[in-house]
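Student: For reference, the structure I am asking about is given below.
The values are calculated or read from the model by the stated rules, or taken from the named source; none is laboratory data. This structure is a prediction, so every number in the text was calculated from the model and none was measured. Cβ placement follows ideal geometry from the backbone for every residue including glycine, while neighbour counts extend to all protein chains displayed.
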Amino acid sequence: MNIYAALFRGINVGGSNILPMKELAALLQDLGCGNVRTYIQSGNAVFRHQERSASRLAASIREAIRASHGIEPEVLLLSVDKLERAVSSNPFPEAESEPSRLHLSFLAAAPESPDLDLIESLRADSESFALKDDVAYLHAPEGIGRSKLAARMERTLGVAATARNWRTVGKILEMARGI
């Protein structure tokens, strides 16, 4: 059995694309996921599944959510190893003491040609940014809501992304290790 962390993009945000976590957990169990645990309402789950292809399983989950709730959120499945690499590769360890100000954007793929000049022009002087393969790190001391770079991250990198703050990533990793 493989352990996956599922990051759902765009559910339960701003009162739209509502998918209660109890319903998500039941849906995942119906798809053969075991030891399902969810974390906060913005769409995070960990579970076991026999499927080796994360992309095939993500497509099955997305289709099941579409069939049951009429929405098709982006679903990114990560292994425990992938989460551990993302955490251990954090280029801004000094920002870990402000876990709500450090964000990791997990990308569907490594960007082929990110517009680094545009990224630099959007980055506030107080912000720090780094791209490591398919994870983008953003330390936004003034808050993510004020960050022009955060608002345009996905478009600028040219790949689907979903961001989580440092605290959430740590909690998801802890939950995945506990399965």
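Student: Say we look at region 127-150 and pick out the residues that are modelled with pLDDT of 95 or more and assigned to a helix (DSSP H, G or I); which of these is farthest from the chain's Cα centre (by Cα)?
Tutor: Here the answer is 148.
Student: Within the group 168, 162, 156, which residue is in a helix (DSSP H, G or I), closer than 14 Å to residue 7 by Cβ and either hydroxyl-bearing (Ser, Thr, Tyr) or not assigned by TED's automatic domain parsing to the domain that holds residue 45 (or both)?
Tutor: Just one listed residue meets the conditions, 168.
Student: (1) surrounded by 14 or more Cβ atoms within 10 Å (Cβ to Cβ); (2) not in a helix (DSSP H, G or I): which one isn't true of residue 176, the others all being true?
Tutor: Result: residue 176 passes all but (2).
Student: So, one more: So is residue 74 surrounded by 16 or more Cβ atoms within 10 Å (Cβ to Cβ), acidic (Asp, Glu) and outside the structural domain of residue 162 (by TED's automatic domain parsing) or not?
Tutor: Yes: the conditions hold for residue 74.
Student: Which pairs turn up if I take residues in region 1-23 that are under 18 Å from residue 104 (Cα atoms) and look for partners that are aromatic (Phe, Trp, Tyr) and assigned to a strand (DSSP E or B) with beta carbon separation below 7 Å, at least 6 apart in sequence or on another chain?
Tutor: Cβ pairs passing all conditions: 4/47; 7/106.
Student: So the check is Cβ under 6 Å with 6+ separation or different chains; which pairs have a first residue in region 45-58 that's part of a loop (DSSP other than H, G, I, E, B) and a second one that's hydrophobic (A, V, I, L, M, F, W, C) and modelled with pLDDT of 95 or more?
Tutor: 51/57
Student: Somewhere in region 25-48, is a residue closer than 22 Å to residue 82 by Cβ, at pLDDT below 95 and touching a Phe, Trp or Tyr at 6+ places or on another chain (Cβ under 6 Å)?
Tutor: There is at least one residue in region 25-48 that is closer than 22 Å to residue 82 by Cβ, at pLDDT below 95 and touching a Phe, Trp or Tyr at 6+ places or on another chain (Cβ under 6 Å).
Student: Are any residues in region 5-16 farther than 15 Å from residue 64 by Cβ and either surrounded by fewer than 19 Cβ atoms within 10 Å (Cβ to Cβ) or in contact with a Leu (Cβ under 6 Å, 6 or more places away or on another chain) (or both), and if so, which ones?
Tutor: 5, 7, 10, 12, 13, 14, 15, 16
Student: Oh, and also: Against the condition modelled with pLDDT of 95 or more and over 17 Å from residue 94 (Cβ atoms), how does residue 119 come out, does it pass?
Tutor: Against the criterion (modelled with pLDDT of 95 or more and over 17 Å from residue 94 (Cβ atoms)), residue 119 qualifies.
Student: Condition check: within 16 Å of the chain's Cα centre (by Cα), charged (D, E, K, R) and farther than 30 Å from residue 49 by Cα. Does residue 101 satisfy that?
Tutor: Answer is yes for this residue.
Student: Here's something else I'd like to know. Just wondering, is there one or more residues in region 41-54 that are closer than 20 Å to residue 26 by Cα, crowded, with 20+ Cβ neighbours inside 10 Å and of a type in the set (Gly, Ala, Ser)?
Tutor: Yes: region 41-54 contains one or more residues that are closer than 20 Å to residue 26 by Cα, crowded, with 20+ Cβ neighbours inside 10 Å and of a type in the set (Gly, Ala, Ser).
Student: What about residue 63, is it among the charged types (D, E, K, R) and either part of a strand (DSSP E or B) or within 30 Å of residue 145 (Cα to Cα) (or both)?
Tutor: no
Student: If you don't mind, another one. Take region 98-128 and flag every residue that is within 25 Å of residue 46 (Cα to Cα) and either free of Cβ contacts under 8 Å to residues at least 12 places away in the same chain or surrounded by 15 or more Cβ atoms within 10 Å (Cβ to Cβ) (or both).
Tutor: Within region 98-128, 98, 99, 101, 102, 103, 104, 105, 106, 107, 108 qualify.
Student: Filter region 20-40 down to the residues that are over 16 Å from residue 5 (Cβ atoms) and not acidic (Asp, Glu), then identify the one that is surrounded by the most Cβ atoms within 10 Å (Cβ to Cβ).
Tutor: 27
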